[in-house]
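Enquirer: I am attaching a structure below and will ask some questions about it afterwards.
The values are calculated or read from the model by the stated rules, or taken from the named source; none is laboratory data. Keep in mind that this is a model prediction, so the values were computed, not measured. Positions of Cβ are generated from backbone atoms using ideal geometry, with glycine treated the same way; all protein chains shown enter the neighbour counts. In case anyone asks, the SASA skips ligands and DNA or RNA and just uses the protein heavy atoms, side chains included. Shrake-Rupley method; radii C 1.70, N 1.55, O 1.52, S 1.80 Å.
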Amino acid sequence: MELKQYIPEVADRYNLNEEFVKETIYFIENNMEIIPKEDYGNIVEQIKNEISDKDDLPLLALATIKNISI
């Protein structure tokens, strides 16, 4: 992850312990799932009338394909 190279800067800027920043990045890397837009893009078209804030469409589409209530 590109962020690793900035650990000292992030820690310094936000007055955090570098070990805490490293552990947080490790947690994110091991618990985050990257879902390509191709996997949910077609759902956006199907649900576009179900939400008023169109900026939230990708999140709603992801929740829909992952069967997550929001």
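Enquirer: Pick from segment 39-55 the residues that are farther than 30 Å from Tyr6 by Cα and among the charged types (D, E, K, R): which of them is nearest to the chain's Cα centre (by Cα)?
Expert: Ranking the qualifying residues of segment 39-55, first place goes to Asp39.
Enquirer: Right, something else. For segment 49-70, enumerate the residues that are touching a helix residue (DSSP H, G or I) at 6+ places or on another chain (Cβ under 6 Å), over 15 Å from Ile35 (Cα atoms) and open to solvent by less than 80 Å² (accessible area, probe 1.4 Å).
Expert: Ile51
Enquirer: Okay, moving on. When the residues of segment 21-38 are narrowed to those that are over 15 Å from the mean Cα position of the chain (by Cα) and loosely packed, with under 12 Cβ neighbours inside 10 Å, which ends up farthest from Ile65 (Cα to Cα)?
Expert: Step by step, filter segment 21-38, then rank; the result is Glu23.
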